[in-house]
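Quick notes on the structure that follows.
Please treat every number below as a calculation from the coordinates, not as lab data. Small disclaimer: the values here were computed from a predicted structure and weren't measured. Cβ coordinates were reconstructed from backbone atoms using ideal geometry, including for glycine residues, and neighbour counts include every protein chain displayed.
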Amino acid sequence: MDENIFLFFCIMKKIVHKYLYLLCFFGISNVMIAQEGTITIKQNLKIDSLLNKKIELDRKRFTNEYFTLQLYYGNLSQAKRILEVVREKFSDIPAEINYDNPNYKVQAGRFKNKINGLKTLDTLKRIFPSAFLLKKKTL
């Protein structure tokens, strides 16, 4: 019996020591205080003006650039036939003929987003296998 009581107290002593260690650890960690400070950033004033100019140029570029699908490049009679096919089968996509000396181009659509242009290109490629996405700028 004495031996069982002795083992019980030994086990209890170990458990109490563990809890005391945890209590001390958390107690000390709550007392510790981290360093405090302030940060001052010094930068050249030209950085702000350059950043504003970059934003302005990006806005201009976005409004002046778009994507279109070029379906044909060649003579006028074939360009007119292709334009009729596009307007008949894809009436929701605006198409036009543009003159580029000495040939004519049939271009369809005007997309701000390249992904939308590529999706439409996949649809038109079934009928116009040589079609491709073209990036253009307005004057």
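Sorting Val85, Val106, Val16 on the 10 Å Cβ count, fewest up front, what's the list?
Values: Val85 16, Val106 24, Val16 10.
Fewest-to-most Cβ neighbours within 10 Å comes out as Val16, Val85, Val106.
Which of [x] 1.67; [y] 1.04; [z] 0.96 is the computed Rg/Rh (Cα atoms, Kirkwood Rh) for the structure on display?
Correct label, based on the coordinates given: [x].
Under the √(5λ) rule applied to the eigenvalues of the Cα gyration tensor, what semi-axes describe the equivalent ellipsoid of the range 66-137? Give them in Å, descending.
On the way: eigenvalues 67, 40, 20 Å².
Working from the Cα gyration tensor, I get semi-axes of 18, 14, 10 Å.
Kindly express, to the nearest 10 degrees and within the range 0 to 90, the angle between helix 46-64's C-alpha long axis and the longest C-alpha principal axis of the chain.
Relative to the chain, helix 46-64 is tipped by roughly 40 degrees.
Going by how many other beta carbons lie within 10 Å of each one, how would you line up Tyr19, Tyr104, fewest first?
Tyr19, Tyr104
If the cut-off is 29 Å between C-alpha atoms, which lysines fall inside it for Lys13, apart from same-chain ones fewer than 8 positions away?
Once the sequence-local lysines are set aside, nothing remains near Lys13.
Please compute the contact order of the chain in relative form: average sequence separation of alpha-carbon pairs under 8 Å and at least six residues apart, divided by the residue count, as a percent. Can you show the working numbers first?
Values: 128 pairs, mean separation 35.5, N = 139.
Computed over the chain, the figure is 26 percent.
May I ask you to evaluate 6.51 cos²θ - 1.76 cosθ + 1.60, the Karplus curve with θ = phi - 60°, for each residue of the range 87-97 and list the ³J(HN,Hα) values in order in whole Hz, giving x for glycine and proline?
Couplings: 5, 6, 8, 10, 5, 7, 9, x, 10, 8, 9 Hz.
What pairs in Lys53/Lys137; Lys80/Lys125; Lys54/Lys119; Lys46/Lys137 have C-alpha atoms more than 22 Å from each other?
Lys54/Lys119; Lys46/Lys137
In the Gaussian network model of the chain, springs joining C-alpha atoms below 10 Å, which of Lys60, Lys125, Lys18 carries the largest mean-square fluctuation?
Ranking Lys60, Lys125, Lys18 by mean-square fluctuation puts Lys18 first.
Could you give each residue of the range 75-83 its phi-based ³J(HN,Hα) in whole Hz, using Karplus coefficients 6.51, -1.76, 1.60 with θ = phi - 60°, and x for Gly or Pro?
Per-residue couplings from phi come out as 6, 5, 5, 5, 4, 5, 5, 5, 4 Hz.
For the range 99-114, what does the Karplus curve 6.51 cos²θ - 1.76 cosθ + 1.60, with θ = phi - 60°, yield as ³J(HN,Hα) per residue in whole Hz, taken in order and with x for Gly and Pro?
So the J values, rounded to whole Hz, are 9, 10, 2, x, 10, 10, 10, 9, 10, 10, x, 8, 10, 7, 9, 5.
Quick one: which residues, 5 or more positions from Lys125 or on another chain, have an amide H under 5 Å from its amide H? H modelled 1.01 Å from N in the peptide plane, none for Pro or chain starts.
Residues meeting the amide H criterion: none.
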